[in-house]
1. Of PRO72, PRO58, which residue is within 9 Å of the ligand (Cβ to nearest atom) and either surrounded by fewer than 16 Cβ atoms within 10 Å (Cβ to Cβ) or hydroxyl-bearing (Ser, Thr, Tyr) (or both)?
2. Got a sec? Which of LYS146, LYS153 is assigned to a helix (DSSP H, G or I) and touching a residue at least 24 places away in the same chain (Cβ under 8 Å)?
3. Are there helices (runs of 4 or more DSSP H) fully within the range 1-101 with at least 1 residues that are modelled with pLDDT under 95, in contact with a Leu (Cβ under 8 Å, 6 or more places away or on another chain) and among the hydrophobic types (A, V, I, L, M, F, W, C)? List them.
4. Please verify whether the range 88-100 includes one or more residues that are within 14 Å of the ligand (Cβ to nearest atom), more than 21 Å from GLU159 (Cα to Cα) and out of contact with any Cys (no Cβ under 6 Å at 6 or more places or on another chain).
5. I'd like to verify a number: residues in the range 156-185 that are open to solvent by less than 50 Å² (accessible area, probe 1.4 Å) and outside any helix (DSSP H, G or I), how many?
6. Mind listing whichever residues of the range 216-259 are assigned to a loop (DSSP other than H, G, I, E, B) and under 29 Å from the mean Cα position of the chain (by Cα)?
7. Given the conditions (1) more than 8 Å from the ligand (Cβ to nearest atom); (2) more than 18 Å from ILE91 (Cβ to Cβ); (3) surrounded by 17 or more Cβ atoms within 10 Å (Cβ to Cβ); (4) of a type outside the set (S, T, N, Q), report the number of the one that PHE26 does not fulfil.
Amino acid sequence: MNNITIIGGGNLGKSIISGLANSDLFEAKEITVVDKSKYNLKEVEENLGVHTSQEAVPAIKGAKWVILCVQPRQLAIVLEEIKEVLTADQILISTVTGTSIEEINAVVPTNKVVRVMPNTGASKQLSMTCIAANEDALVELAAVEKMFDTIGKTLVIEERMMQAATVLGASGTAFFLRFLRAMIQGGIQMGFHPEEAQIIAVQTGIGAATLVAENGTHPEREIDKVTTPRGCTIEGLNEMEHQGLSSSVIKGIMASFEKINTIK
Ligand SMILES: NC(=O)c1ccc[n+]([C@@H]2O[C@H](COP(=O)([O-])OP(=O)(O)OC[C@H]3O[C@@H](n4cnc5c(N)ncnc54)[C@H](OP(=O)(O)O)[C@@H]3O)[C@@H](O)[C@H]2O)c1
């Protein structure tokens with residue numbers, strides 16, 4: 001049995017479904033998506049050939065894995081809905097921000113629970129997924145890692161670091177994209193058409209991140225390689241720092257971290 005049911009086919013759910021359906025690990029017919037929205041279901045059914053259902057209870061029958069991909073405020077309703085039909089051998093994988101394994105186990109005590117924090121890069125098989133399990137579910141970690149390896153990179157962390165992982169890895173997508181937007185705006189101001197500026201900025205971003213990822217270097221080492229003394233790069237970099245670039249990013253991350261600790 002390798003069936004997987006994903007409850008919640010929204011932004012993240014769709015990304016995970018698309019990544020998993022396009023991987024070698026699952027066939028589309030082994031994946032069932034549950035969502036309240038017919039529109040979301042039609043989209044994944046037509047594009048990916050997965051099964052869909054508007055009802056969670058029948059959809060989890062026979063599933064080995066149940067991925068919870070709903071908003072934090074919707075989780076309690078979903079758990080109440082499925083708790084009577086869940087069997088003890090079904091493994092819950094929760095993407096839900098701010099709800100601990102202990103809190104989930106308080107409702108479904110017999111099920112193993114693994115928490116994951118992927119990001120929307122999952123739809124391009126480029127997610128960063130942090131994974132945490134408690135003692136009870138440690139045995140499932142390798143399988144969950146393998147599953148999420150199909151949609152990008154994984155890192156096993158302690159559960160207490162899950163909030164920080166959400167800020168850095170999930171909200172981080174938005175942080176990078178806002179920087180990318182600023183790069184594009186700068187390009188337009190210098191005279192590029194928006195489409196041209198976007199092509200240049202996006203590819204430069206991919207190249208820069210790949211240098212660090214594949215060379216294993218610190219970003220500053222790669223920065224040094226393009227920074228000629230008294231040249232235009234250092235002029236731009238220093239002006240950005242005078243305007244508070246690093247400081248504002250770190251402060252933004254910490255504001256996000258403070259906020260996430262208040263979300264329930
Ligand atoms: N977006 C990210 O990058 C990201 C990254 C990591 C983790 N997360 C976490 O992942 C979870 C999902 O986020 P999201 O951005 O994908 O949210 P979302 O777009 O709101 O998707 C949630 C989906 O679940 C559906 N739903 C609600 N109650 C349901 C129920 N009882 N049965 C079946 N489906 C139900 C919702 O339908 P309605 O709209 O009709 O309510 C919605 O389509 C959140 O807990 C979030 O914290 C998100």
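1. PRO72
2. Among LYS146, LYS153, only LYS146 is assigned to a helix (DSSP H, G or I) and touching a residue at least 24 places away in the same chain (Cβ under 8 Å).
3. Where helices (runs of 4 or more DSSP H) fall fully within the range 1-101 and carry at least 1 residues being modelled with pLDDT under 95, in contact with a Leu (Cβ under 8 Å, 6 or more places away or on another chain) and among the hydrophobic types (A, V, I, L, M, F, W, C), they are 11-21.
4. Scanning the range 88-100 turns up no residue that is within 14 Å of the ligand (Cβ to nearest atom), more than 21 Å from GLU159 (Cα to Cα) and out of contact with any Cys (no Cβ under 6 Å at 6 or more places or on another chain).
5. 1
6. The answer is GLY216, THR217, HIS218, GLY244.
7. So the condition that PHE26 fails would be (2).
The values are calculated or read from the model by the stated rules, or taken from the named source; none is laboratory data. Since the model is a prediction, treat every value here as computed from it, not as a measurement. Heads up, the Cβs are rebuilt from the backbone with ideal geometry, glycines too, and the neighbour counts pull from every protein chain shown. Quick note on the areas: whole protein, heavy atoms, side chains included, nothing else; ligands and nucleic acids left out. Shrake-Rupley method; radii C 1.70, N 1.55, O 1.52, S 1.80 Å.
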